[in-house]
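Participant: Here's a structure for you.
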Amino acid sequence: MKAIAVDTGGTFTDMVVLDQDTGALAVLKLPSTPDEPGRAIIDGIRETFANGVAPSDVLSLSHGTTVGTNALLTGAGAHVGLFVTEGFGAINDVWHLAPSEDSSRATSVYVEKKPPVLPRYRREAKERVNYQGEAVVPLDEDAAVEAVRSLGRRGVESIAVVLLFSFLNPEHEERIAEIIERELPGTTVSLSSKVLPQMREFPRLSTTVANAYISPKMGTYLATLEERVRAERVTSDALYVMQSNGGVARIGSVTPVTTVLSGPCAGAMAAMAVASTAGFDNVVSLDMGGTSTDIALGQQGRVLETTSGRIGDWELAVPMLMINTIGAGGGTIATVESGGGLRVGPESAGADPGPVAYGKGGVQPTVTDANLVLGFLNPESKLAGRVSLDRDGALRAVAEMAGRLGLGTLETAEGIIRIINAKMEEGIRAVSTEQGYDLRDFVLVAFGGAGPVPSGRLAADLKMSKVIVPPAPGVTSALGLLMADPRHDYVRSRLRLMSELDAAELTAIMQDLRAQAEAEFTSEGYALDQLRLEFGIDIRYLGQGYELTIPLGSESQVSQQDVTAARTRFDATHEQMFGHAAADEEAEAVNYRLRASAVVPKATLKQQAHADTDSRVARVGERDVCFDSAQGMVPCPVYDRALLAPSHRFDGPAIVDQLDSTTVVYPGQRALVDDYLNIIIDVT
């Protein structure tokens, strides 16, 4: 049986096909089709079937997508209406800033403060639920009917319902949903009591509205994709989409807002698995593709998570991996500013027209063009096996820019690379040093089509000791989709002082969450013995505005000692993240969480036999490479990745070419191929 995974990027769509019986991997890279993302997926499925895989042999299909993310960032979502409790319409107009943002923007008359839903599409429901979950003012259904009809006349396509304290009592939200479905059939409805049943009104509103905003587009995309997959005679029920929390969900039941980091999450998960096989638990992952670079940090074999984040102007309070995405990719464009300085990014040439070297009409030099000029990329091979590279075209574009800068061609290409490297180093520090972690304790896992080129230099600059390059770096993100379990997250809100939190009350909450998880997973066809449960509690110092999530283990039954231990861990975590703690101050429990996964068969990395030869069998020649513009182009050994085997060693400078990527081992560095065919580069 075959497990298929597809990762849709801005430049390429990566597909891997895993033979569950033998562990063999087949790799396919196709140009992405941004105008219709599903077309590249179907093209890949057809090519896979043409290569001998039968549709009946497909055990599962997993997909990482940026459809929802792009809709949020580009303003291409649905026309949304909003219901709030009467008298609380101003919640929609609250404007939150991240702690790192300039607070003066909140009061500046020159900054547009656009609310999630414009006032003319907002309606107030006559109802009220109090802080104990009691309905103290019944829902005025006649008024709700008229409000729904008025939104229909405004042409809304999707409606978000966010009523006060609905996370304690969803009855009024559910009744409004029934009215919407009756009066405006076909309109998408998002209830905050289902999307995000927790306290804090604005994050709950923003998250629910975001879900309503992308639901029609995501729903249509996923439904069409499933229909087209079925048309290719794939009958498996295991059709998954990656979520922001690092788990997958069935295409037909996923909550759209949980997919906004679907694309980069799979790569971070795969990086942790690759590093673990190589014997490293503390990892920074660097996934550099054609359009952007995704950076994540993992500690003790697990990617760090957060319960909220921002995508553009949207505040989203859903569990997500802590991934820092920056505008740095192979297609990132270099320009000369009006003042005569060199600027790189964040604009990208994308897949079309792409870098100048693609020969598809691009005229501005990119990072890929600079790497080609410097000799890091092989001008004789096809990028990803499909795209021919025109080095002469790249050389002309960089030389023309060099003339405007008053620099040499190699100096200009080197300058482009230095600037983009500085941006990536800043991105790595943002998830590590700035969060209280010492990069000397971490290794760098570099992948994506472009990631293994700069990684050795980045690691050296950041004082990291090692770089790990997976066997198929260009499709590692797709491979990560095959390493993920189905996952759902559950949350309840209830304020309690930690000193007064009773273990029996906490146990009751956790058992309710467990029952909810068991009901949902069994309805999806999973057995109870497949479930893996991880409970947590959000704690803050009294008066603070934000919490830290503290693990509580896998059992829903807790003791008073467990409550005390959670408080102690909170103080220690606060000290590590912020440099101070207040163990003598009162702390408060806010939210109670359950992360539930169904353990399913996944892709595993298999050990290979040691070679009885040395690395010279994989050396296929030399090419001129520029490591320092002051020294110019120098001959550099070139190795074929397909010929490298476990125990092979070689010293830098060296280039390793393969179908889906290129790895650079810089002067003074040493490389070893481990038992899992990873290249381990010793930087120090």
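The values are calculated or read from the model by the stated rules, or taken from the named source; none is laboratory data. Values in this document were obtained by computation on a predicted structure and should not be read as measured data. In this analysis, Cβ positions are derived from the backbone assuming ideal geometry, glycine residues included, and neighbour counts consider all displayed protein chains.
Participant: Could you tell me which of the residues ILE468, ILE428 is assigned to a helix (DSSP H, G or I) and touching a strand residue (DSSP E or B) at 6+ places or on another chain (Cβ under 9 Å)? Steps first, answer last, please.
Facilitator: Numbers: ILE468 fails: assigned to a helix (DSSP H, G or I).
Of the residues listed, the single one that is assigned to a helix (DSSP H, G or I) and touching a strand residue (DSSP E or B) at 6+ places or on another chain (Cβ under 9 Å) is ILE428.
Participant: Return the pairs, sorted by first residue and then second, in which the second residue is aromatic (Phe, Trp, Tyr) and not in a strand (DSSP E or B), the first residue lies in the range 127-138 and is not assigned by TED's automatic domain parsing to the domain that holds GLU201, the beta carbons are less than 7 Å apart, and the residues are 6+ apart or on different chains.
Facilitator: Pairs found: none.
Participant: Turning to a different aspect of this structure: Any idea how many residues of the range 318-370 are in a loop (DSSP other than H, G, I, E, B), closer than 19 Å to GLY448 by Cα and of a type outside the set (A, V, I, L, M, F, W, C)?
Facilitator: If we filter the range 318-370 for residues that are in a loop (DSSP other than H, G, I, E, B), which is where we start, we get 318-319, 322, 327-331, 337-341, 349-355, 359-365.
Now narrow it down to the ones that are closer than 19 Å to GLY448 by Cα: 322, 327-331, 349-352, 354-355.
If we keep only those that are of a type outside the set (A, V, I, L, M, F, W, C) as well, we get 327, 329-331, 350, 352, 354-355.
Of the residues in that region, 8 qualify.
Participant: Take the residues of the range 644-684 that are over 26 Å from THR368 (Cβ atoms) and among the polar types (S, T, N, Q): which is surrounded by the most Cβ atoms within 10 Å (Cβ to Cβ)?
Facilitator: SER647
Yes/no per residue for (1) at positive phi; (2) within 31 Å of the chain's Cα centre (by Cα); (3) in the same structural domain as LEU118 (by TED's automatic domain parsing):
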residue	(1), (2), (3)
SER150	no, no, yes
GLY155	yes, no, yes
PRO185	no, no, yes
VAL189	no, yes, yes
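Participant: Let me ask something else. Please work out if GLU181 is over 29 Å from THR65 (Cα atoms), more than 23 Å from the chain's Cα centre (by Cα), free of Cβ contacts under 8 Å to residues at least 24 places away in the same chain and part of a helix (DSSP H, G or I). First the steps, then the outcome.
Facilitator: Values: over 29 Å from THR65 (Cα atoms): no; more than 23 Å from the chain's Cα centre (by Cα): yes; free of Cβ contacts under 8 Å to residues at least 24 places away in the same chain: yes; part of a helix (DSSP H, G or I): yes.
Taking the combined requirement at face value, the residue does not satisfy it.
Participant: Report, ordered by the first and then the second residue, all pairs with beta carbons closer than 8 Å, sequence separation of six or more or different chains, a first member in the range 420-434 that is free of Cβ contacts under 8 Å to residues at least 60 places away in the same chain, and a second member that is in a helix (DSSP H, G or I).
Facilitator: From the range 420-434, the pairs are ASN421/ARG457; ASN421/LEU458; ASN421/ASP461; GLU425/LEU458; GLU425/ASP461; ARG429/LEU439; THR433/LEU439.
Participant: Identify, from the list ILE509, ILE550, the residue that is in the same structural domain as GLN576 (by TED's automatic domain parsing), in a strand (DSSP E or B) and at pLDDT 95 or above. Let's see the steps before the verdict.
Facilitator: On the way: ILE509 fails: in a strand (DSSP E or B).
Answer to the check: ILE550.
Participant: Same structure, new question: Which of the following residues is free of Cβ contacts under 8 Å to residues at least 40 places away in the same chain, out of contact with any Lys or Arg (no Cβ under 6 Å at 6 or more places or on another chain) and surrounded by 24 or more Cβ atoms within 10 Å (Cβ to Cβ): GLY298, GLY252? Give the steps one after another, and end with the answer.
Facilitator: Values: GLY252 fails: surrounded by 24 or more Cβ atoms within 10 Å (Cβ to Cβ).
GLY298 is the lone residue from the list that is free of Cβ contacts under 8 Å to residues at least 40 places away in the same chain, out of contact with any Lys or Arg (no Cβ under 6 Å at 6 or more places or on another chain) and surrounded by 24 or more Cβ atoms within 10 Å (Cβ to Cβ).
Participant: If you scan the range 557-610, which residues turn out to be in contact with a strand residue (DSSP E or B) (Cβ under 7 Å, 6 or more places away or on another chain) and more than 29 Å from LEU196 (Cα to Cα)?
Facilitator: Scanning the range 557-610 gives ALA582, GLU585, ALA603.
Participant: Considering the range 536-567 alone, what residues qualify as being free of Cβ contacts under 8 Å to residues at least 12 places away in the same chain and within 21 Å of ASP502 (Cβ to Cβ)?
Facilitator: Result: GLN561, THR564, ALA565.
Participant: Residue check, GLU315 against (1) in a strand (DSSP E or B); (2) surrounded by fewer than 24 Cβ atoms within 10 Å (Cβ to Cβ); (3) in contact with an Asp or Glu (Cβ under 9 Å, 6 or more places away or on another chain), all met but one. Which one?
Facilitator: Result: GLU315 fails condition (3) only.
Participant: If ALA503 satisfies all but one of (1) loosely packed, with under 15 Cβ neighbours inside 10 Å; (2) in contact with an Asp or Glu (Cβ under 8 Å, 6 or more places away or on another chain), what's the number of the condition it fails?
Facilitator: (1)
Participant: Of all the strands (runs of 3 or more DSSP E) wholly in the range 587-641, which have at least 3 residues that are in contact with a helix residue (DSSP H, G or I) (Cβ under 7 Å, 6 or more places away or on another chain), in the same structural domain as TYR546 (by TED's automatic domain parsing) and in contact (Cβ under 8 Å) with a residue 12 or more places away in the chain?
Facilitator: 587-598
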